[in-house]
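Okay, structure first, notes after.
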Amino acid sequence: MGLKCGIVGLPNVGKSTLFNCLSSKKAQSENYPFCTIEPNLGIIPVPDKRLDKLNDLIHPEKKIYTNIEIYDIAGLVKGASKGEGLGNKFLSNIRETNVIIHVLRCFDNDNITHVEGNTDPVRDLEIINTELIFKDMETIEKAIERNNKLIKIGNKDAMIKKDKLTKIYDNLSSGNLIINLDLNHDEIELISSYNLLTEKPMLYVCNVDENSVINGNHYVDSVRKYLNQNDKIILIAASIESEIIDLSTKDQLVFLKEMGLSESGLNKLISTCYELLKLETFFTAGKKEVRSWTIRKNTIASKAAGVIHSDFERGFIRAEVISYEDYVFYGNEIKCKENGELKEKIM
């Protein structure tokens, strides 16, 4: 399955710098608003130490990581939902993504212009989220108008929808993101058809200086205080990531260790996006290739087979699976089978 992540934020908060750190494709990054107009796209392999271990055990011809798509979406500004700064175009780009990566500037640097005049990540966060909310209000308002027309001609389904749509609109009017609402199954089913921006999982990335990447700073503290307890926040120093992006994996680990970090910002960001979308990975392994595949958690075996090829799902009878831990412990498929660790999945 494809995973699309959109990087958003005000101009000059570090979006394109972060994108360049994540992607082998170099996005344009300059010190003026709207440098990025068309979204830059990076196809990024998802690092996985388990796949690396399988590769070392099997020595296949190829090792293939699953990929995610990262979009560097142009900086939004106040009034974007009304078309300010090409806002309508940028907001439509966000609609195509599965996860919103909201970058917040949490460092001071007089040499980098801030579109609002000074560093205040909570204010910046409110500006972006308000524009997303306004756009969703516009979408629901149009839905209510269409629904009211159906009510006038006696459509019973429209009568049922009326209260649900009004509830959603009222919550948006109160400044609530859809993702934070406690909705029942019918309400979730209804809003899913509108592809609302604030329904999407959001990861807040505090872009800090290298001295704040472990413990944060007062800007990060203000963001944590403002957000809900369940909101996902990670700290990344884009300046550090840009320094290590061209280093070998071994040298990166040495550099990160010296900084007191156990993993790169890329790994942290990807794993958190997977967590937000409730995704997990399974592997296929043989002499031709070892390969990772992405599925949603609790996916049944036949649906997982369909990720590899649609014919596998249509003709599915059973799958023989081995846990990663057992495969590593015994070293190969034959020994796993001999020790009763080859399991059958019929669903």
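The values are calculated or read from the model by the stated rules, or taken from the named source; none is laboratory data. What you are looking at is a predicted structure, and each value in this text was computed from that prediction instead of being measured. Reconstructed Cβ throughout: ideal geometry from the backbone, glycine too, with neighbour counts over all protein chains shown. Protein only, heavy atoms only, side chains kept; ligands, DNA and RNA dropped before computing areas. Shrake-Rupley method; radii C 1.70, N 1.55, O 1.52, S 1.80 Å.
Tell me whether segment 58-80 contains one or more residues that are open to solvent by 20 Å² or more (accessible area, probe 1.4 Å), farther than 22 Å from A285 by Cβ, modelled with pLDDT of 60 or more and part of a loop (DSSP other than H, G, I, E, B).
yes
Taking the conditions exactly as written (touching a residue at least 40 places away in the same chain (Cβ under 8 Å), hydroxyl-bearing (S, T, Y) and either part of a helix (DSSP H, G or I) or over 27 Å from V103 (Cβ atoms) (or both)), does T166 satisfy them or not? Give the steps one after another, and end with the answer.
Values: touching a residue at least 40 places away in the same chain (Cβ under 8 Å): no; hydroxyl-bearing (S, T, Y): yes; either part of a helix (DSSP H, G or I) or over 27 Å from V103 (Cβ atoms) (or both): yes.
Judged against the criteria, T166 is not a match.
Checking the condition out of contact with any Lys or Arg (no Cβ under 8 Å at 6 or more places or on another chain), in a helix (DSSP H, G or I) and open to solvent by less than 30 Å² (accessible area, probe 1.4 Å), which residue from K142, K149, K135 passes?
On the way: K142 fails: open to solvent by less than 30 Å² (accessible area, probe 1.4 Å); K149 fails: open to solvent by less than 30 Å² (accessible area, probe 1.4 Å).
After applying the criteria, what remains is K135.
Can you tell me which residue in segment 200-238 is nearest to S262 (Cα to Cα), limited to those that are open to solvent by 30 Å² or more (accessible area, probe 1.4 Å) and among the aliphatic types (A, V, I, L, M)?
I214
Mind listing just one residue for me: the one in segment 309-319 that is open to solvent by less than 60 Å² (accessible area, probe 1.4 Å) and either in contact (Cβ under 8 Å) with a residue 12 or more places away in the chain or of a type in the set (K, R) (or both) and, of those, nearest to I346 (Cα to Cα)?
A319
Kindly evaluate V213 against the criterion of being within 19 Å of K268 (Cα to Cα) and touching a Cys at 6+ places or on another chain (Cβ under 7 Å). First the steps, then the outcome.
Numbers: within 19 Å of K268 (Cα to Cα): yes; touching a Cys at 6+ places or on another chain (Cβ under 7 Å): no.
Here the answer is no, as V213 does not meet what is asked.
How about segment 317-347: which of its residues are under 31 Å from the mean Cα position of the chain (by Cα) and over 19 Å from S292 (Cα atoms)?
M347
Please specify each residue of segment 15-38 satisfying the condition of being part of a loop (DSSP other than H, G, I, E, B) and either at pLDDT 75 or above or open to solvent by 40 Å² or more (accessible area, probe 1.4 Å) (or both). Don't jump to the end; show me each part of the working.
Looking only at segment 15-38, we keep the residues that are part of a loop (DSSP other than H, G, I, E, B), and these are 23-38.
Listed by number, the residues that qualify are S24, K25, K26, Q28, S29, E30, N31, Y32, P33, F34, I37, E38.
Can you name the number of the only condition in (1) open to solvent by 40 Å² or more (accessible area, probe 1.4 Å); (2) touching a Leu at 6+ places or on another chain (Cβ under 9 Å); (3) aliphatic (A, V, I, L, M) that I244 fails?
(1)
Would you tally the residues in segment 290-311 being closer than 27 Å to E275 by Cβ and outside any loop (DSSP other than H, G, I, E, B)?
Just the residues of segment 290-311 that are closer than 27 Å to E275 by Cβ, to begin with: 290-308.
Pick out the ones that are also outside any loop (DSSP other than H, G, I, E, B) and you get 290-296, 301-308.
Qualifying residue count, segment 290-311: 15.
Where the second residue is in a helix (DSSP H, G or I) and the first is polar (S, T, N, Q) and lies in segment 320-342, which pairs have Cβ atoms under 7 Å and are six or more apart or on separate chains?
Close Cβ pairs (under 7 Å, with a partner that is in a helix (DSSP H, G or I)) amount to N339/Y330.
Could you identify the single residue in I295, I245 that is among the hydrophobic types (A, V, I, L, M, F, W, C) and within 29 Å of I179 (Cα to Cα)?
None of the others qualify; the one that does is I295.
Being hydrophobic (A, V, I, L, M, F, W, C), over 26 Å from the mean Cα position of the chain (by Cα) and buried (at least 17 other Cβ atoms within 10 Å of the Cβ) is the filter here; which residues of segment 152-194 pass it? If you could, list the steps in order and put the result at the bottom.
Narrowing segment 152-194 to residues hydrophobic (A, V, I, L, M, F, W, C): 153, 158-160, 165, 168, 172, 177-179, 181, 183, 188, 190-191.
Okay, now just the ones that are also over 26 Å from the mean Cα position of the chain (by Cα), so 153, 158-160, 165.
Those that are hydrophobic (A, V, I, L, M, F, W, C), over 26 Å from the mean Cα position of the chain (by Cα) and buried (at least 17 other Cβ atoms within 10 Å of the Cβ): A158, L165.
What are the pairs with Cβ atoms under 6 angstrom where one residue, in segment 254-283, is crowded, with 19+ Cβ neighbours inside 10 Å and the other, located anywhere, is aliphatic (A, V, I, L, M) and modelled with pLDDT under 85? Sequence gap at least six, or different chains.
Hits for this filter: L266/L22; I270/V46.
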